[in-house]
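Down below is the structure, laid out as C-alpha cells.
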Amino acid sequence: MIGVIAKLTIKPGTNADFEATMKALQARVQADEPGNKLYALHKTDDPNVYVMLERYDDQAALAAHRAAPHFRELGRKLGDYLAGKPDVQALQEI
C-alpha cells in the first residue's frame, strides 16, 4: 500500500469553493479509481490549511490517479484556490 499526505494551503476566503471542488474530486476518485482505498479531506486548526489523506493499492494505482482525466480537470480548478504548491508526501506502508 502507498499512503499520501498532502498539505494544501488555500487563499483566504476561498474555503467554500475549494471544499466543493474537493468533494467533487473525492466522488470521482471513489467511483472511478478501484486502486484507491482512501481519499479524505481534513480541516486543520488553521482555516486556510487542509490535509488530504490518500491510500492506494500500489504505485500503479497512484500513477493512475495522477493521470486520471478527472484529477487533471478538477486539479486545475483547485489551483485557483491554492496559495502555494501543495506539500505532498508519498509513503510506503509497512
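Any read-out appearing in this document is the output of simple, stated calculations on the displayed coordinates, not a laboratory observation. This structure is a prediction, so every number in the text was calculated from the model and none was measured. For neighbour counting, all protein chains shown are included, and Cβ atoms are generated from backbone atoms with ideal geometry for every residue, glycine included.
For segment 32-94, GluC sites (Glu not before Pro) are listed when DSSP marks them as loop and at most 10 other Cβ atoms sit within 10 Å of their Cβ; the list is GLU93. Summarising the label geometry, the points placed 7 Å from Cα in the beta-carbon direction at ASP17 and LEU91 lie 3.3 nm from one another.
Taking trypsin sites (Lys or Arg not before Pro) across segment 1-42, none is in a DSSP loop with at most 15 further Cβ atoms lying within 10 angstrom of its Cβ. Taking the Cβ-Cβ separation of ALA31 and ALA6 as r and a Förster radius of 22 Å, what is the calculated FRET efficiency to the nearest 0.05? Efficiency, rounded to the nearest 0.05: 0.65. Answer rounded, prolate or oblate for segment 40-91, using the Cα gyration tensor with square roots of eigenvalues a ≥ b ≥ c: rounded when a/c is under 1.5, else prolate when a/b is larger than b/c, else oblate. Oblate shape, in that a/c is at least 1.5 and b/c is the bigger or equal ratio.
Using the Cβ-Cβ distance between ASP46 and ARG76 with R0 = 25 Å, the FRET efficiency computed as 1/(1 + (r/R0)^6) comes to roughly 0.55.
Binning the C-alpha pair distances of the chain at 10 Å intervals from 0 yields a P(r) profile of 16, 52, 28, 4 %, listed from the shortest bin outward.
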